[in-house]
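In what follows, a single structure is set out as structure tokens and then discussed.
The values are calculated or read from the model by the stated rules, or taken from the named source; none is laboratory data. On a predicted model such as this, the values are computed, not experimentally measured, just so you know. No Cβ is skipped: glycine too gets one built from the backbone with ideal geometry, and neighbour counts run over all protein chains shown. Just the protein is used for accessible areas: all its heavy atoms, side chains included, with ligands, DNA and RNA removed. Shrake-Rupley method; radii C 1.70, N 1.55, O 1.52, S 1.80 Å.
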Amino acid sequence: MTGEAEPMASGALAPAPTAAFAEPVARVRGWWTAAVVLANVGVFAAFLGPIQVLLAKQADVVAGSNKEFVFGLVTGVGAAVSVVANPLAGAFSDRTGSRFGRRVPWVLGGALGGAAGLLILAGAGAVAVMLVGWCLVQASCNALLAAITAAVPDRVPKVQRGVVGGWVALAQTVGALVGVALATIVGGIGVGYVACAVFLLLSVIPYVVRSGDQRLPAKERLVWREFAKSFWLSPRKYPDFGWAWLTRFLLNLGNGLGTLYLLYYLQDAVHYSDPDTGVLILTAVYSLCVVLAAVWFGSWSDRIGRRKIFVTWSGIVMAAGGMVLAIWPTWAAAIIGAIIIGIGFGVYLSVDFALLTEVLPNARDRAKDLGVINIANSLPQVVAPAIAAPIVKVLGGYPVLYTLASVVTLAGAVLVRKVKAVA
């Protein structure tokens, strides 16, 4: 798009598209991609360091034999907050008229709020304080995530989204590795939270300083009646968007069921002598596989112009990795499972993100619509603890849990073929 007026059939001139809403055509530079990736790394370190290590250890200290229940309660309530916070913050971001652009205020504010929540958790000695701290982290970091995710379709042309999506997807895995490393290496639960908070604040600085974010004209800013109506996206009117949402929900639910109790799996099923270090080793192996798969397959998807076949096969591979963990609860199997799941998830993250940006209903609501999509990331965190806790405690244990995770993942892999507008 050039931004010039185009003639209408009647001979009148159509209004030029607002620059902030125009489909991007200029390729983004490497420094811009690096800034977006770093901000994503910071967010996911703030999420996954606590989820995979710190909250689990804190629940053990606070609740002892009820650790599974308390851990599930805190993560589940926090995930419920994220279900609301992500699309809501995204919608406000779409209509933010700051002179710094639409996304920057939410990126900076989200980082500050997330750091504050992590510091509350650092001093938490009771379940109620854990809940307050984690809910603040979820609300703030999801606001940041909604804005930084929308920056990709704002600025990146479709022909480049597989590669950029691969790098952005890589950030989730690198963030998990950084978060787990900070939580494990620095020593102590409180110090681990402080380290995650500091890293989160530092990670957003390059994007805040040099975002290139488009400023929104006054005529496009918030209208409350339209704002309220915009949250309903009819699956009948936008079927591709609906199927893409369901696919992401199922694949993330399968992944959530498989990773939520990883520390306890190593401790109670594998009987690994140092489960904290075990989680770090598995996360490092998994991360390396995700990195290699995400960048390579994202670029391949761009070259051939196809997305769905990659998502389908990524789900099949991830399901196979889950079955390794279900059938063979040993340290060797955990390493093999991490490799297989890492390869599958790397392909899925890079290509599915590109697919999602191509089925968004409206350029004016990119952050809000991606926020609705991100509910498919957050809602599994609510559902997974409710499903996983009783399975682990009384309904068959970890073999049943990982089998279920594989079945759910496979269902998502199959249903992506219902998306018609994307090859």
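For this structure, a couple of remarks:
Yes/no matrix, rows are residues, columns are (1) more than 30 Å from ARG236 (Cβ to Cβ); (2) among the β-branched types (Val, Ile, Thr); (3) in a helix (DSSP H, G or I):
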{"residue": "VAL382", "(1), (2), (3)": "no, yes, yes"}
{"residue": "ALA388", "(1), (2), (3)": "yes, no, yes"}
{"residue": "ILE391", "(1), (2), (3)": "yes, yes, yes"}
{"residue": "ALA405", "(1), (2), (3)": "yes, no, yes"}
{"residue": "VAL416", "(1), (2), (3)": "no, yes, yes"}
{"residue": "LYS420", "(1), (2), (3)": "no, no, no"}
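- Single residue of ASP274, ASP302 found to be in contact (Cβ under 8 Å) with a residue 40 or more places away in the chain, of a type in the set (Asp, Glu) and either open to solvent by less than 50 Å² (accessible area, probe 1.4 Å) or farther than 30 Å from LYS418 by Cβ (or both): ASP302
- Residues that are of a type outside the set (Phe, Trp, Tyr) and over 23 Å from the mean Cα position of the chain (by Cα), drawn from segment 377-402: PRO390, ILE391, VAL392, LYS393, VAL394, LEU395, GLY396, GLY397, PRO399, VAL400
- Residue within segment 200-213 that is surrounded by fewer than 21 Cβ atoms within 10 Å (Cβ to Cβ) and within 12 Å of VAL41 (Cα to Cα) present: yes
- Top-ranked residue of segment 327-359 - restricted to ones that are outside any helix (DSSP H, G or I) and open to solvent by less than 50 Å² (accessible area, probe 1.4 Å), ranked as nearest to LYS308 (Cα to Cα): VAL359
- So ALA34, is it open to solvent by 30 Å² or more (accessible area, probe 1.4 Å), under 30 Å from VAL156 (Cα atoms) and out of contact with any Cys (no Cβ under 8 Å at 6 or more places or on another chain): yes
- Taking residues in segment 90-111 that are closer than 21 Å to ALA46 by Cβ and open to solvent by 20 Å² or more (accessible area, probe 1.4 Å), and partners anywhere that are of a type in the set (A, V, I, L, M) and assigned to a loop (DSSP other than H, G, I, E, B), the pairs with Cβ atoms closer than 9 Å and at least 6 places apart or on different chains are PHE92/LEU222; LEU108/VAL204.
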